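Structure, as structure tokens:
The values are calculated or read from the model by the stated rules, or taken from the named source; none is laboratory data. Predicted model, so just to flag it, every value in this text is computed and none were measured. Neighbour counts run over all protein chains shown; Cβ positions are idealised from the backbone, glycine included. Calculation scope for accessible area: heavy atoms of the full protein, side chains included, ligands and nucleic acids excluded. Shrake-Rupley method; radii C 1.70, N 1.55, O 1.52, S 1.80 Å.
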Amino acid sequence: MEKQDKACPRLVTPGMLEQLPAPVRRFLAHTGVVGTPWIDTVRLKQVGQFRLGADRPWMPMRAEETYTTDPPSLTWNARFKVKGLPLLRARDRYEAGHGHMYGKLAGLVTVFDARGPELDQATMIRYLNEMMWFPTAFLRENITWEEVDEHTARVTFTDGGRSVSADMTFDDKGRLTNFATKRYREIEGSFSLDRWSTPITGYGQLAGLNLPIRGQAVWNLPEGDLVYAKLQVTEIEYNSGV
């Protein structure tokens, strides 16, 4: 797909939605992307809470994240409060098909520094999931769709010679309600392939689009669901560079 001329940005047209599964057409129409420029870069801010396990305390979090769509990349920088103090910093990175997760406590102690094929898959899934915040990315040539039923479509993202897929569920109005797939989960230095979902709990308008702005991240485990993140997007800016 050709790149945009920045002096005359390419716009999303109704015809670009015609061949998509019906629930995806409803979703993109609801976001309001028709008639808007293609999104090349994204900056956003988040607030929320994280915990490392069902028996671990919730940690308040603030984060800033940047994305590019051609080529796909993300960088997430977050600060967590530990016992009320902003002691833990973390960074997630996805670029050229590879992921890197890094965290440091009090600016001194590295608490995690992960790379490898399992993390590549996990961060690639994360990028696919977070396209909900820059939905013109779902129209790019590295995305394919398969209709499952009137409310569900399977999306596949290809990058760096590999592909990942997930099932996205939408309501009658076209609002995304859930995203579910298998994703690698890090457990004390090893990885387990488990079901992962991100139910949406709130919508709002940011950067002129109707977008999911509140949701959760959940490991759907045999012993029960583990909700480990509750997030809200507070700001989004498109095509301003990264």
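Table for the structure above
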quantity	calculated
Per-region count, region 4-34, residues assigned to a loop (DSSP other than H, G, I, E, B), in contact (Cβ under 8 Å) with a residue 12 or more places away in the chain and open to solvent by 50 Å² or more (accessible area, probe 1.4 Å)	4
Tally, over region 100-129, of residues that are outside any loop (DSSP other than H, G, I, E, B), without any contact (Cβ under 8 Å) to a residue 12 or more places away in the chain and out of contact with any Phe, Trp or Tyr (no Cβ under 9 Å at 6 or more places or on another chain)	1
Residues satisfying the stated conditions in region 205-219, i.e. surrounded by 14 or more Cβ atoms within 10 Å (Cβ to Cβ) and touching a residue at least 24 places away in the same chain (Cβ under 8 Å)	206, 207, 209, 210, 211, 212, 219
Condition met for residue 43 (touching a strand residue (DSSP E or B) at 6+ places or on another chain (Cβ under 7 Å), within 30 Å of residue 224 (Cβ to Cβ) and open to solvent by 80 Å² or more (accessible area, probe 1.4 Å))	no
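Okay, residues lined up against (1) surrounded by fewer than 17 Cβ atoms within 10 Å (Cβ to Cβ); (2) touching a helix residue (DSSP H, G or I) at 6+ places or on another chain (Cβ under 7 Å); (3) closer than 24 Å to residue 35 by Cα:
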residue: 111; (1), (2), (3): yes, no, no
residue: 117; (1), (2), (3): yes, no, no
residue: 121; (1), (2), (3): no, no, no
residue: 171; (1), (2), (3): yes, no, yes
residue: 176; (1), (2), (3): no, yes, yes
residue: 185; (1), (2), (3): no, no, no
residue: 189; (1), (2), (3): yes, no, no
residue: 202; (1), (2), (3): yes, no, no
